[in-house]
Amino acid sequence: MLDLNAATWPEVKEAVEKGAVAVLAVGALEQHGHHLPLSTDTVMSQGVARRIAETIDGLLLPPIAYGDAWNNEAFAGTISLGPDTIRAVLIDIGRGLARGGFKALVIINGHFGNREPIALAARALKMEHGFPVLHLDYPGMERIASEVCDSKPAAPTFYHADEVETSMMLALAPELVRMDKAASEYPVFPKTFGMEAMGLDTFNRSGVFGDPRPATAVKGEALMAGILEQSVRLIQAWLSKVG
């Protein structure tokens, strides 16, 4: 693996000539309750991206630390980018990678609100420039969480400042986790959730969705190992078609 944050241009040139794939994490600066930092989505996605890059001998790009997190802006510190901005930034990065001779790009998304702009950017890069992009959203997480975690999610596939994310943060950056402030909240989701624009603060007080208290670093390592295994399997199958 080559980390572009610390690499020199000749090192990158050599890796690109060997056909290395770029790996990019996209996170967010968003509230995660009283016990997790605003950088949680970025720390997690970059942690997974690094492990993927190490496994496939890829080129790890610096992460994008902002995302589309408008529905959490009522909680202090959340700073959101518009979906068009995210899409434009990713298209520009993809164009730069293509011009630089990179083989392909794998995007590791750590925040739900980024899914649509990432997918649109990947489509544009493929259609307009023929540049292949694979975007992953922690594949296998729901199954792995059901096997590893003791608490139930606040809603199916909805993981935010809960046991899942707290465990992963304990494995990746324990110095940023304030377990003494961890508390459970299972809000009642409005019937029209996901069907209309609404701030999460309108039905949640703490910013936590679920119970983070059973979280451990061991669980976090198990979650990331499962996500890594599934991700690498998908990447290898995709690369076999990309050529």
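The values are calculated or read from the model by the stated rules, or taken from the named source; none is laboratory data. All of these numbers come straight from a predicted model, not from anything done at the bench. All Cβ positions, even for glycine, are placed from backbone atoms using ideal geometry, and neighbour counts span all protein chains on display.
Brief remarks follow.
- Matching residues, segment 87-109, being in a helix (DSSP H, G or I), more than 12 Å from H135 (Cβ to Cβ) and either in contact with a His (Cβ under 6 Å, 6 or more places away or on another chain) or among the hydrophobic types (A, V, I, L, M, F, W, C) (or both): A88, V89, I91, I93, L97, A98
- Filter result for G199 (surrounded by fewer than 21 Cβ atoms within 10 Å (Cβ to Cβ), at pLDDT below 95 and farther than 30 Å from E14 by Cα): no
- If the condition is being in a loop (DSSP other than H, G, I, E, B), surrounded by fewer than 24 Cβ atoms within 10 Å (Cβ to Cβ) and of a type in the set (A, V, I, L, M), then segment 22-51 contributes only L38.
- Among the residues of segment 53-89, those that are under 17 Å from the mean Cα position of the chain (by Cα) and of a type in the set (S, T, Y) comprise Y66, T78, S80.
- Residue list for segment 72-96, restricted to those being under 15 Å from L29 (Cβ atoms) and crowded, with 18+ Cβ neighbours inside 10 Å: N72, F75, T78, S80, L81, I86
- Restricting the first member to segment 115-142 and to residues that are farther than 29 Å from A154 by Cα, and the second to residues that are modelled with pLDDT of 95 or more and surrounded by fewer than 15 Cβ atoms within 10 Å (Cβ to Cβ), the beta-carbon pairs closer than 8 Å and six or more apart or on different chains are P132/K126; V133/K126.
- Of the residues making up segment 194-216, those that are touching a residue at least 24 places away in the same chain (Cβ under 8 Å), farther than 16 Å from W70 by Cβ and assigned to a loop (DSSP other than H, G, I, E, B) are S206, V208, D211, P212, R213, P214, A215, T216.
- Positions within segment 147-170 being surrounded by 15 or more Cβ atoms within 10 Å (Cβ to Cβ) and touching a residue at least 60 places away in the same chain (Cβ under 8 Å), in sequence order: V148, C149, S151, H160, A161, E165, T166, M168, M169
- Residue satisfying all of: in segment 97-135; aliphatic (A, V, I, L, M) and surrounded by fewer than 21 Cβ atoms within 10 Å (Cβ to Cβ); nearest to K18 (Cα to Cα) among these: A98
Each row is one residue, and each column tells you yes or no for (1) in contact (Cβ under 8 Å) with a residue 60 or more places away in the chain; (2) closer than 16 Å to N114 by Cα; (3) among the acidic types (D, E).
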| position | (1), (2), (3) |
| --- | --- |
| P10 | no, no, no |
| L24 | yes, yes, no |
| Q31 | yes, yes, no |
| H34 | yes, no, no |
| A53 | no, no, no |
| P63 | no, yes, no |
| E73 | yes, yes, yes |
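- Condition check for E54: modelled with pLDDT under 95 and in a helix (DSSP H, G or I): no
- Those residues of segment 110-121 which are more than 23 Å from L172 (Cβ to Cβ) and either in contact with a Gly (Cβ under 8 Å, 6 or more places away or on another chain) or not in a helix (DSSP H, G or I) (or both), in sequence order: A121
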